[in-house]
Each structure stands twice: as C-alpha cells, then as structure tokens.
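**Student:** Questions regarding the structure given below will be posed in turn.
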Amino acid sequence: MTETFRQKGTLPPGFLVPVRDGETDEFFVNLGPQHPATHGALRLVVRLDGETVREVVPHMGYIHRGIEYQAERCSALQSILFSDRFDYLTAHMNNHCVCMAIERALGIGVPERGEYVRVIVDELTRVSSHLIFLGSFGTDLGGTTCFLYAFKMREAITQVFDELCGARLTMNFYRPGGSSADVPESFEGSVRNAVKTVREGMKEWNDFLTGNVIFQERTRGVGILSAERAIALGCSGPVLRGSGVEFDVRRKNPYGIYDRFDFDVPVGSVGDVWDRYMVRVEEIEQSLRIVEQALASFPAGPWRSKERVSWRLPEGSWYAEAETAKGTLGVFLEGTGKSDRPWRIKVRSPSFSNLMALDEMCRGGKVADVVACLGSIDPVIPEVDR
Amino acid sequence: MNALIDLSANNAVGDFVRDVLFPNSPALAWAANGLLGVAALLLFPVFLGAPFLIWMERKVCAHMQARLGPMRHGPHGAVQTIADVVKLVFKEIAPPGGVDRLVYLLAPGIPLTASFLVLAVVPWGANLQVADPEQGVFYVVAVGALGLLGFLVGAWASNNKFALLGAMRAGAQMLSYEISLSVLLLLVMLLSGESSLREIVLSQRGTVLDWWVFKAPVVGPLAFVLYLVSSTAELNRGPFDLIEAEQELTAGYQTEYSGMGFSMFYLAEYVNMTIQAALVSTFFLGGFLPPLVGIAPVDAALAAVPGVVWMVAKTLAIVFVYMWFRWSFPRPRVDQLLALEWKTLLPANLAVFALGMLALAMGWILP
Amino acid sequence: MGLMESVPKVLDPIPGGKRLSDAVEYVVNWARSRSIWPLTFGTSCCAIEMMAASMARYDISRFGSEVFRASPRQADLFIVAGTIVDKMAEPLVRLYEQIPGPKWVIAMGSCTVSGGPFYYDNYSVVKGVDRLIPVDVFVPGCPPRPEALLKGLVELQELIRKSHPLRSPEHGRLAADAPVEDRWTKAKQAWEELERIKDEQMAEARAKFAAEHPDYRPPKPARKEKPAFPETPRAARPAPGLPFDEVVAAVRGRFPGLALFGAAPSEAEPDRVPAFEVPCDALAETALWLKEGPLAMDYPVFLTAVDRLDRFELVVRAMNSSTAQQVELRVPVEKRFAEGAAYDPAAKNQKYDAVAPSLCGVWPGMGWHERETWDLMGIRFEGNPDLRRIFLKDDFPGHPLRKDFDMPERVVPRPA
C-alpha cells in the first residue's frame, strides 16, 4: 500500500532531492487532479515522511487548452476572447494587457474617459479576485463559511460587471483604444455601492477570520519564501510583495494612468503565508482607494478612440505588462506585417512563475501546510497551463 | 437497576405511564421502564434524532452563512434528510479493488455500535434510562473509545492513502483527547461523589445554581468550557475534523465508502454528537432536572414539564454550540491540535482538577 | 444495483405486487431526485459559476444539493464544470467510474457541451464531454450563469422522477459498458428533421404570402448610430530604469559588437526596451553578466521561442527588480536535421532537433519556462535538471507550436 520508492529503485519523475540513507519510510501521496484543495485541475505529488513534506512536484497540463496555438490562427483582436479564459478571475485585466500589446503594435491611444474606465474596472476586478482568494484560502484552512462571506461581497462587484458588459466572468469588454461600449448610466452608483459593500464586509471579515487565533497559528511562520528566492524564481504580485520586495508594475512601470493615483504598495516582512494573506487584504483597501479617486475625477467625453478598419499587425514584436491580481501578466506579440494574425503570441502568466515557488515553501511542513501554501500562492490553473 | 424506580425525582412521563398502566404493580412498572428506555434508545437518536440533527446542521450552517438551506422538500426542507437516507440506502456499494472486503464491510458498524452502547446509560429522564450501572462514568469512557476502532480498521481496509492518513490522525487525536475528557469526568465524580450517571444528575437537585457548572465557583465554569472543547475534538467535529479534512484528505477515513457504509459513519457522527451533548448536560447542566430559579410559582410550572423535555432541550442547546463551532472556525494543523491537547488542555485540566480537590477540601462549594 | 433489480423480481409475481413495486419505485425516485449530491469537480471558469450557485445569492442548497462531496464514492452527480482537455480525459473517466450508481452527469458550459470556443484549431481540448462519458443534462453558456445551472439541476430532477430504475436500470452501468453516443450528431440530425418538417408545413403559407405580396422585402434591421470617435495618439512614457542608449553602451562595453535587435525607441513607441541578438554559444555568458554585472538583471521575466521556419529564435527577457529596467535577448537556435535532410517549407511534422544552453543556473525561475518551450516548441535545453514535458502527455506526437506541426486527426481547421 505505502509502496516505497526504494522497492522500485527510482524516484517518480520530477523528484530531484536524492534518497536519504536511513530507515525513514517515505511515500508519495497524489493530490489531484481532482482534489478540493488544488484550485482546479492541478496534480501535486507530495513526498511524505510520516506527515512531513520532503518535496512537492506539481504536474500541470490537465487544463492546457492550447490557447497560444489557437491564438496564432485567429486575428489579434480575437485573442482578447482567449485572454478572458486563462485567468477568469481577472478577465478585465487580461483583456487590458492584450489590448495594450495591440495598442503598442498599432500605435493606438486611449482617450481620457476610456483610461478611467479601465482603472476603475481593473481595480474592482482586483478586489473581486482577492475576495475569491480570501474565500478559498479560508476554506483551504477548513473554515467553509469564509467562502460564503467572500462571495457575498463579490456579488456586489459582479453586479457592476453584469451591468457593464452583461457577463459575470468572461467579460471581453476592452478593445484596443478603449472598450466595446460606454459604461451604463448606473455605473457610478453601483460602483459606489460595491465599494461600500466591500468596505463594510472587510470589517466583518477581519473580525471573523484575520483575528482568529487558529487562523494565525496556521499561517504565521508557515511556507516562508525569502526575497532573494522569490526574485530568482520570477515570482510576482502578492507572492513577491509578501516576501518583502516592493515591486508593483503599477508603481515601477506605470501603464495607463496609474501614475495619477495615490495608493500604497503593501509589502510583507517574513515572506510566510500570513504575509501573503495580509498583502492581499491590504491591497483590497488600496484598490478601493484608487476606485474612489478615479470616481471623484471621472471625466465625460469620448470613451474610445477612432475605430480601425484594418487590424493588420506590422512587422515586429511587442511586449506589454500589467499588474493583475495574481502578479505580473505579460503578453508578447509578434506580427509579420502581412496579416492580422500574430505570428507568435506568448503569455507570461504570473501563476505559472509563482507556482514554481511551491516546492520551496512546502518543504519541511505538514500535509496541511501544502494546502495553505498553495492557497497563499492563489494560482489559477488555466492560467498556468493556458 | 433498582435505582431506576426513584419516585422522589422529577419524572413526570415515567410517573404518568406507570400511574395509568400499572397503578399497583411495581414489577410491571419495572418492565415498562425497560421498554421505555429501549424505545428512547432506539427511536429518539436513530429514527428521529440523527436525521433531525442533520437537517438542523444544514439549516444552522445555512443561516450562519447568510443562506436559507434546504427549502424545497417539505416545509423548510424538513423531509430533506429523509430523502438523503432513502437515497443512500438504495445507492450502490462498490468496494474498490484491493480492499479487505470483510473488514471493509464490517467497519462502519463499529462506531455506531459503540455509540448505541453508550446511549444505554444516558439518563434521558429520571426513569428513562436503559441501564444505570454503578460505574456509569467508567463505562462511558471505556465503551466510548471503541468507536475509534471503526475508523482505524475501516480506513486500513479501504486501501487508500488519504484514508490511512485520516485514520492515523483519528487514532492520535481521539486517544489524546480521551485523557482530557477522563480527567474532567473524574473531577465531576469527585465533586458529586457519585459514579452513576443518574446519581450525578440527582446530585444537582435544587435551583440552577446547584448545577455543577455553577455550584463549584471558578472550577465549574472552567471545567465546563474545557469539556466542550475536548469533546469537540473527541467527536472529530469541526474545527477539529482533521480525520476527514476535506481540503487535505478529500474525505479522510471514509474516502472509499459509499452508500450505507458512508451513511453509517455519517450517522455515527451525529449520534455521537447527541451523546456528548447529553453527557455535557448530565455532568454540568443538571441533566433532566428542570432549571429551577427559586421562585415558587415559576418553579412549580417548570417542574411540571417532563424531565425528558429538559434533557432534550439542553442536549440540543449543546449540539447547537457544537455546530456553531464547526461553522465558525478554521481548522488547526494536526501537530497543533496535538500540541493543544498535550501542552495546553491536559495541564489546564489537571490544574482544574487540583483546584477542584482543593475547593472540595476547603468547602468552597456552594451549599 | 442488485437490491433495486431484485425488487420487481420478488414483488411482481405476488398479486398486487406490481403496484407495490411501482410504489417503491416512486419513493426511490422521489428520494433520488431530492437528494442529488454533486462531486467537487471543476477545471476552469465554469467552476467559479458552480461555486457561485452554491453561495448565498443563488443557494443551490434550497434543492438539497449543497452537499458537495470531495470523494466520488459519495457523490451522485458529476457536474463537469470547465474545459476537459486530452490529458484530463483519463482522470475524468476514472472519476465517473468511481461514482457508485445511480449517477448522473451535467455537462456545464459550452466547452463540455461541444468544445465551445476551443472547437476549431485546437489540438488539446476534448470536443464535448459526451465523447467520454454519458451526459444527462447539457447546460450551455460560456460560462452558464448560476441560474442556468439551477435550471439544469431542476431538469435533472424531473428526469430522475420520470425514470424507471426498477425495470430499466439505465444508470447502474459503468462507463466502460455504456456505449458513448454521438449526441451532437444526433441532435443535429433531429434539428434538420425539424427544420425540414417546418419547411414542409410552411411551404403553402409561404407561397400564398409571396403571391399576395409580390413586392415584400424584409425591413432592414435598425442600427444604432455610432458616435464618431477622435483619433487618439498613443501616449507612453519611456521605459523605466536607465535610458536606452546607456544600457546599450553598458552592454557593448562588455560585449563589443553585440547587434541590437529591432528598432530603437521612437516617438510612437518611447517605451521600447533594448534587445540584443546574442549567438547561441554566448548566451550563458551574456546572461550571467547581465545578472551579476552592473545592470543587475536578477529577475527572470520569461523565456520563449519563435519559430522562424528555418531556425528558432529564443526570446529571453530579464529585469532588474529594483528599477524595473528590462533587457531582451534574441538567440537564434538552428534546426538540426538528420544527415541529408534539410528544411522543407511545405512538409509537415518534420524531424529535427534544436539545442540551446539552459539558463537555470543563472535564473532558476527559467526552469519551467524552458520546460514549456521544450514541450511546445521542441527546443532542448542542455543543463536543465528536469527537462520533461510540462503540459502535454508524454506520448504526445510532436511539438504543437512548431509551424510545421500538423495533427489532422484532432485539429479541426476553422472554416474560412
């Protein structure tokens, strides 16, 4: 039953730590691809010594949809649709990033109102994605009720998106040069309502979970990732900031009109699960601040620039980056000058790079810590696999 | 069994039945007592209790989560769990390959059997008790621990690593918390000077202040709270439900069980919860005694209500607290759970026990 | 299913027993339809909507289905939420087989109904989950709203109530025994049949209408007037960190003669990042200098490759994590053919090898990017300790992002 690898003589694929001499009876437990803690179709093979984790090897590809292959056979505009589907929790931000790459290739600008819409909607998306993180993270630690409270807050934001583009998840709203439609009349009101709901909900949330002793015990000092390793592995977003590196694309390389807003970049100090959690909790508040500032100076006027007749991509390559809720999303686009289909489109997905740090975080912890660490990375598996 | 016919206690139902049926026959009354006890044992927890508790759990959980819970089937989903039970009975039992079939099929019965055996000594009313052994407390501890065997062999037989991890956790967890529970039971025995459950209840006669939770200042409330925490862990209920931690071990020891096997484990969980809640109310909340307040007319009204109603009410209140725990807290890690027992709860319990002895010696118990 | 099957065998011969077994069937159907416990299973977007359906606003628990079981042994309903790809197919079938009977399947979302947006030009996605397991209820949408899933659940309840588990046990079967029907083709044929009947029935009325109104033209659909939008030039800041020329000077100071790749920053694109064309054998040295030299490019952004038909081109991007200064390297990697063979622009699935040095030692974070490039492009990275396929199955034929990749048995080209 607990077939040790020594009987077979070899380690399963992916395990690099050599076999230790001694009598310890190591065995392998397979989490996934269908497992409640793996946030989708991810498979983790955990090398256990008793309940202590020695090594974790993620196996991906269970939701590899060949988006890059398919996008090479579609017009660059159509790839906005695919971008909805790799990280479906931050669909607006993915659209934004793809649009920025196309805008860069074709030299398209975005009018003032369009930029404001993008900022407001992007930040709401960030809040909504972080809320799902909070809910699923609480559930990962055994507090099922968390999910319900997080979703309750999130529904207020989903309502805004529903009014905005008729979709709750896969938005397909932005276009190069602006968006597919102007915001509805109810937009400002429902955004204010969402901000209010989330603010009040977060107070309740912090009483409910953040202050809980068991929760703090489970997260503090668990899954430590040092700043050097986080940088070396190419982690980004809350994982990198949780380790104490103040890196946020919105601040370091501001795109759109992010340089006009006053917001803080929260960072952690230890790099444990707790820090990554607190960075996200803080970021929710900062995003709400940005939304409020943007609403206060929300301009009227045209919401998109002149529509193109031809979307033929010139020859050359372009790379655009955006800070999504998961980290730095990059879209690398290469055109041939002959058609509107990209010759190569590559998505640098934050979850993919962040997931590399999982093994390092988990070593030496317990099985339950694997779940906490994976939850704190907050990967979206379709974005890892694309 | 002689102690069962104690007419001095509050026992309205028993008295009523005896008065109507056997006005002049103590022997028949004695037999009727036994029948009533068996009825209480079987009917209440199994056919009404457990489905009701499962329904209650789903409703409590839903309302704590700002939902409604089952609504469509029966008024407020009242027959929801009946449907669940019927469905589970008619569900295929498919033992996976490589299981030890005999043990695999037998194991789900063990926790349920252990629960029923414990149920036999729970005093639901002054005369609603199947058996009242002199060493009731020891019986509860000894037989109650048997349920663990079911988890262990069931998980071992099902040839699944998650189940095995869950069973190992169950073993470590339940054995550890057994100690805490036993220390607290000793304390109650010490204070009351009795080891029969019925006598322990009767030792709390008087007003509310005579219940053990209040009667011994400081010691009583502390012991009560510690008992609640330890028994939650002993029950493997959330937040201490590590043996079936869904996010880590999918379903823990019952991963490979389907249909009736699963529902027996599931049922045992709820019967166990009833028992623990009943024990809490027996030891600390005056069991079937009415909550007298010391004002004569009010007391008369309270005393007119049958003891079994009080017992069930108190039990349900404690069950509600268990559910409240479950849907509020995240789950600790397995090493933290054991550290909590060995480093915090057990020393605390021993300290409370010592304090109780001191209180008894110095006469700090309320009259 | 033994118990259920034996009920009519025992009861039917008894006088009036048929009615009794009908009553049993009614009760069992009632219980089964009222207590559908789904399996916790979701692969992508639809899973979020499935969760939303069990949350406070939609509350699937009203129908008694909030008991999501993580173990398939205790589940009744398999909600296939999210795209199913080739690698997932095998676990999916196994999960289905692990669910004890009676069991039902809801295919949620257009990906599971037919492949949805991933139907054409895709080598990976299974074109409809009913090609793998029998499906009872299809819920289309991308993703379906939670209301749609609830509707699907209610439909399923009706379906169960109308079923006859005693006399035709249709759900106890294992997937292995059940023939997988091509429901898509069946539905298409049924639809065409309906269309044909409709055309037949309408033919007379249409002819009559055409005779009565010979000049009739259907009205043009009203179009919303589009506002005119202004031409807006792209506004961008220069890339962060050192100015372009300084970076180029610094790199050329160490590696004289290193060619620049692509254009320098222009007015339309002031944020162009310096890119250098590095020969394959100098890559490791250049990367190490970039990381440890004065530019301190300590952060691996990404690594990928572009198929230039006659060769590959590696694209490596690194960044300085404190200034966000980025540098791009372009590395030509030759396609090595076997003796006597050469690149043929028309041939498909050509056999060749490509090797590049691994950058794992410089930037550990490039490890998985290299695995991805190996998997999808087929460039081997010498020195990567764990160079396995990352996304595709080990036995996948070829590397899909190569321009000569062809897989006619799975890829359906989008009709022009």
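**Student:** Consider the stretch C:221-279. How many of its residues are charged (D, E, K, R), more than 9 Å from every other protein chain (Cβ to nearest Cβ), closer than 30 Å to A:ALA300 by Cβ and surrounded by 11 or more Cβ atoms within 10 Å (Cβ to Cβ)?
**Tutor:** Going through the stretch C:221-279 one residue at a time, the tally reaches 0.
**Student:** Mind listing whichever residues of the stretch A:289-331 are free of Cβ contacts under 8 Å to residues at least 24 places away in the same chain and in a loop (DSSP other than H, G, I, E, B)?
**Tutor:** Selection gives A:VAL309 alone.
**Student:** When residues of the stretch C:198-231 are filtered for being within 44 Å of the chain's Cα centre (by Cα) and not in a loop (DSSP other than H, G, I, E, B), how many remain? Even if it seems obvious, please write down each step before you answer.
**Tutor:** Taking the stretch C:198-231 as the starting set, the residues that turn out to be within 44 Å of the chain's Cα centre (by Cα) are C:198-203, C:217-231.
Narrowing further to those that are not in a loop (DSSP other than H, G, I, E, B): C:198-203.
The total comes to 6.
**Student:** Among the residues of the stretch C:343-357, are any at pLDDT 85 or above, of a type outside the set (Gly, Ala, Ser) and touching a helix residue (DSSP H, G or I) at 6+ places or on another chain (Cβ under 7 Å)?
**Tutor:** yes
**Student:** Looking at the stretch B:324-339 only, could you name the residues that are more than 7 Å from every other protein chain (Cβ to nearest Cβ), surrounded by fewer than 20 Cβ atoms within 10 Å (Cβ to Cβ) and farther than 20 Å from A:PHE208 by Cα?
**Tutor:** Pass one, the stretch B:324-339, residues more than 7 Å from every other protein chain (Cβ to nearest Cβ): B:324-326, B:337-339.
Filter once more, so that each one left must be surrounded by fewer than 20 Cβ atoms within 10 Å (Cβ to Cβ): B:324-325, B:338-339.
B:LEU338, B:ALA339 - these are the residues of the stretch B:324-339 that are more than 7 Å from every other protein chain (Cβ to nearest Cβ), surrounded by fewer than 20 Cβ atoms within 10 Å (Cβ to Cβ) and farther than 20 Å from A:PHE208 by Cα.
**Student:** I've got another one for you. Exactly one of these conditions fails for C:ALA282: (1) in contact (Cβ under 8 Å) with a residue 40 or more places away in the chain; (2) more than 9 Å from every other protein chain (Cβ to nearest Cβ); (3) among the aliphatic types (A, V, I, L, M). Give me its number.
**Tutor:** Against the list (1) in contact (Cβ under 8 Å) with a residue 40 or more places away in the chain; (2) more than 9 Å from every other protein chain (Cβ to nearest Cβ); (3) among the aliphatic types (A, V, I, L, M), C:ALA282 comes up short only on (1).
**Student:** Considering only residues that are hydroxyl-bearing (Ser, Thr, Tyr) and at the interface with chain C (Cβ under 8 Å from one of its Cβ atoms), which ones fall in the stretch A:60-108? Show your work before the answer.
**Tutor:** Step one: filter the stretch A:60-108 for residues hydroxyl-bearing (Ser, Thr, Tyr), giving A:62, A:69, A:75, A:79, A:83, A:88, A:90.
Once the filter is applied, which keeps residues that are hydroxyl-bearing (Ser, Thr, Tyr) and at the interface with chain C (Cβ under 8 Å from one of its Cβ atoms), the stretch A:60-108 yields A:TYR62, A:TYR69, A:TYR88.
**Student:** Let me spell it out: the conditions are (1) assigned to a helix (DSSP H, G or I); (2) within 30 Å of C:THR373 (Cα to Cα), and A:GLN286 meets all of them except one. Which number is the exception?
**Tutor:** Against the list (1) assigned to a helix (DSSP H, G or I); (2) within 30 Å of C:THR373 (Cα to Cα), A:GLN286 comes up short only on (2).
**Student:** Restricting attention to the stretch C:59-80, and to residues there that are more than 9 Å from every other protein chain (Cβ to nearest Cβ) and closer than 15 Å to C:LYS151 by Cα, which single residue is nearest to the chain's Cα centre (by Cα)?
**Tutor:** C:ILE79
**Student:** (1) surrounded by 24 or more Cβ atoms within 10 Å (Cβ to Cβ); (2) touching a Gly at 6+ places or on another chain (Cβ under 7 Å); (3) modelled with pLDDT of 80 or more: which one isn't true of B:GLY69, the others all being true?
**Tutor:** Going through the list (1) surrounded by 24 or more Cβ atoms within 10 Å (Cβ to Cβ); (2) touching a Gly at 6+ places or on another chain (Cβ under 7 Å); (3) modelled with pLDDT of 80 or more, B:GLY69 breaks only (1).
**Student:** Moving on. When you go through C:PRO100, C:PRO15, C:PRO117 one by one, which is the residue that is of a type outside the set (Ser, Thr, Tyr), assigned to a helix (DSSP H, G or I) and surrounded by fewer than 24 Cβ atoms within 10 Å (Cβ to Cβ)? Steps first, answer last, please.
**Tutor:** On the way: C:PRO100 fails: assigned to a helix (DSSP H, G or I); C:PRO15 fails: assigned to a helix (DSSP H, G or I).
The match here is C:PRO117.
**Student:** Okay, next question. Filter the stretch C:81-93 for residues that are in contact with a helix residue (DSSP H, G or I) (Cβ under 9 Å, 6 or more places away or on another chain) and more than 9 Å from every other protein chain (Cβ to nearest Cβ) and give the result.
**Tutor:** The answer is C:ALA81, C:ALA89.
**Student:** Considering only residues of the stretch B:88-145 that are over 24 Å from B:LEU316 (Cβ atoms) and of a type in the set (Asp, Glu), which is farthest from the other protein chains (Cβ to nearest Cβ)?
**Tutor:** The extreme case among them is B:GLU134.
**Student:** Tell me, which residue of the stretch C:35-54 that is touching a Lys or Arg at 6+ places or on another chain (Cβ under 8 Å), touching a residue at least 40 places away in the same chain (Cβ under 8 Å) and not acidic (Asp, Glu) is farthest from the other protein chains (Cβ to nearest Cβ)?
**Tutor:** Residues of the stretch C:35-54 that are touching a Lys or Arg at 6+ places or on another chain (Cβ under 8 Å), as a first pass: C:35, C:37-40, C:44-45, C:49, C:52.
After this cut, where a residue has to be touching a residue at least 40 places away in the same chain (Cβ under 8 Å) as well, the list is C:35, C:37-39, C:44-45, C:49, C:52.
Then keep just the ones that are not acidic (Asp, Glu); that gives C:35, C:37-39, C:44-45, C:52.
Numbers: C:SER35: 4, C:TRP37: 8, C:PRO38: 12, C:LEU39: 8, C:SER44: 4, C:CYS45: 4, C:ALA52: 6 Å.
Applying the filter and picking the extreme gives C:PRO38.
**Student:** Out of all the residues in the stretch A:217-227, is one or more crowded, with 24+ Cβ neighbours inside 10 Å, within 14 Å of chain C (Cβ to nearest Cβ) and either in contact with a Lys or Arg (Cβ under 9 Å, 6 or more places away or on another chain) or of a type in the set (Ser, Thr, Tyr) (or both)?
**Tutor:** Yes; the residues of the stretch A:217-227 include at least one that is crowded, with 24+ Cβ neighbours inside 10 Å, within 14 Å of chain C (Cβ to nearest Cβ) and either in contact with a Lys or Arg (Cβ under 9 Å, 6 or more places away or on another chain) or of a type in the set (Ser, Thr, Tyr) (or both).
**Student:** Looking at the stretch C:120-156 only, could you name the residues that are part of a helix (DSSP H, G or I), among the aliphatic types (A, V, I, L, M) and more than 24 Å from C:ASP59 (Cβ to Cβ)? First the steps, then the outcome.
**Tutor:** Initial filter on the stretch C:120-156 (part of a helix (DSSP H, G or I)): C:129-131, C:146-156.
Imposing the further condition that a residue be among the aliphatic types (A, V, I, L, M) reduces the set to C:129, C:148-150, C:153-154, C:156.
Hit for the stretch C:120-156 is C:VAL129, nothing else.
**Student:** How many residues are under 17 Å from the mean Cα position of the chain (by Cα) and closer than 29 Å to A:ASP207 by Cα when one looks only at the stretch A:248-266? Reasoning before the result, please.
**Tutor:** To start, the set of residues in the stretch A:248-266 that are under 17 Å from the mean Cα position of the chain (by Cα) comprises A:248-250, A:265-266.
From what's left, closer than 29 Å to A:ASP207 by Cα: A:248, A:265-266.
Number of matching residues: 3.
**Student:** Could you pull out the residue among B:VAL321, B:VAL352 that is of a type in the set (Val, Ile, Thr), surrounded by fewer than 18 Cβ atoms within 10 Å (Cβ to Cβ) and over 26 Å from A:GLY365 (Cα atoms)? I'd like the intermediate steps shown before the answer.
**Tutor:** Values: B:VAL352 fails: surrounded by fewer than 18 Cβ atoms within 10 Å (Cβ to Cβ).
Sole residue among the options that is of a type in the set (Val, Ile, Thr), surrounded by fewer than 18 Cβ atoms within 10 Å (Cβ to Cβ) and over 26 Å from A:GLY365 (Cα atoms): B:VAL321.
**Student:** Turning to a different aspect of this structure: Determine, yes or no, whether C:ILE133 is hydrophobic (A, V, I, L, M, F, W, C) and more than 7 Å from every other protein chain (Cβ to nearest Cβ). Before you say what the answer is, go through the steps one by one.
**Tutor:** Values: hydrophobic (A, V, I, L, M, F, W, C): yes; more than 7 Å from every other protein chain (Cβ to nearest Cβ): yes.
Answer is yes for this residue.
**Student:** Let me ask you something else. Condition check: at pLDDT 85 or above and not hydroxyl-bearing (Ser, Thr, Tyr). Does B:ASP84 satisfy that? Step through it out loud before you land on a result.
**Tutor:** Working: at pLDDT 85 or above: yes; not hydroxyl-bearing (Ser, Thr, Tyr): yes.
So B:ASP84 fits the description; yes.
**Student:** Another question about this same structure. If you check B:LEU235, B:LEU267, which single one turns out to be more than 14 Å from chain A (Cβ to nearest Cβ), modelled with pLDDT of 80 or more, touching an Asp or Glu at 6+ places or on another chain (Cβ under 8 Å) and within 30 Å of B:PHE90 (Cα to Cα)? Give the derivation first.
**Tutor:** Numbers: B:LEU267 fails: touching an Asp or Glu at 6+ places or on another chain (Cβ under 8 Å).
When all the criteria are applied, what remains is B:LEU235.
**Student:** Mind counting the residues in the stretch B:90-108 that are assigned to a loop (DSSP other than H, G, I, E, B) and surrounded by fewer than 20 Cβ atoms within 10 Å (Cβ to Cβ)? Spell out the reasoning first.
**Tutor:** From the stretch B:90-108, those assigned to a loop (DSSP other than H, G, I, E, B) are B:90-100, B:107-108; that's our starting set.
If we keep only those that are surrounded by fewer than 20 Cβ atoms within 10 Å (Cβ to Cβ) as well, we get B:92-100.
Of the residues in the stretch B:90-108, 9 are assigned to a loop (DSSP other than H, G, I, E, B) and surrounded by fewer than 20 Cβ atoms within 10 Å (Cβ to Cβ).
**Student:** Pick out the one residue from A:TRP318, A:TRP303, A:TRP311 that is under 26 Å from the mean Cα position of the chain (by Cα) and at negative phi. If you could, list the steps in order and put the result at the bottom.
**Tutor:** Details: A:TRP303 fails: under 26 Å from the mean Cα position of the chain (by Cα); A:TRP311 fails: under 26 Å from the mean Cα position of the chain (by Cα).
Answer to the selection: A:TRP318.
**Student:** Give the residues of the stretch B:80-89 that are free of Cβ contacts under 8 Å to residues at least 40 places away in the same chain and surrounded by fewer than 21 Cβ atoms within 10 Å (Cβ to Cβ), sorted by residue number.
**Tutor:** B:ILE82, B:VAL86
**Student:** Determine, yes or no, whether A:GLU383 is under 26 Å from A:GLN78 (Cβ atoms) and modelled with pLDDT of 85 or more.
**Tutor:** yes
**Student:** Could you list all residues from the stretch C:291-314 that are assigned to a helix (DSSP H, G or I) and without any contact (Cβ under 8 Å) to a residue 40 or more places away in the chain? It would help to see each step written out before you state the result.
**Tutor:** Keep residues of the stretch C:291-314 that are assigned to a helix (DSSP H, G or I), which gives C:291-292.
Matches in the stretch C:291-314: C:GLU292 only.
**Student:** Related question: Consider A:CYS373 against the criteria (1) free of Cβ contacts under 8 Å to residues at least 24 places away in the same chain; (2) away from chain C (no Cβ under 14 Å): it satisfies all of them except one. Which criterion is unmet?
**Tutor:** (1)
**Student:** Tally time: how many residues in the stretch A:332-386 are in contact with a Gly (Cβ under 7 Å, 6 or more places away or on another chain) and of a type in the set (D, E, K, R)?
**Tutor:** 3
The values are calculated or read from the model by the stated rules, or taken from the named source; none is laboratory data. None of these values were measured; they are calculated from a predicted model. Using ideal geometry, Cβ is built from the backbone for each residue, glycine included, and neighbour counts are taken over all protein chains shown.
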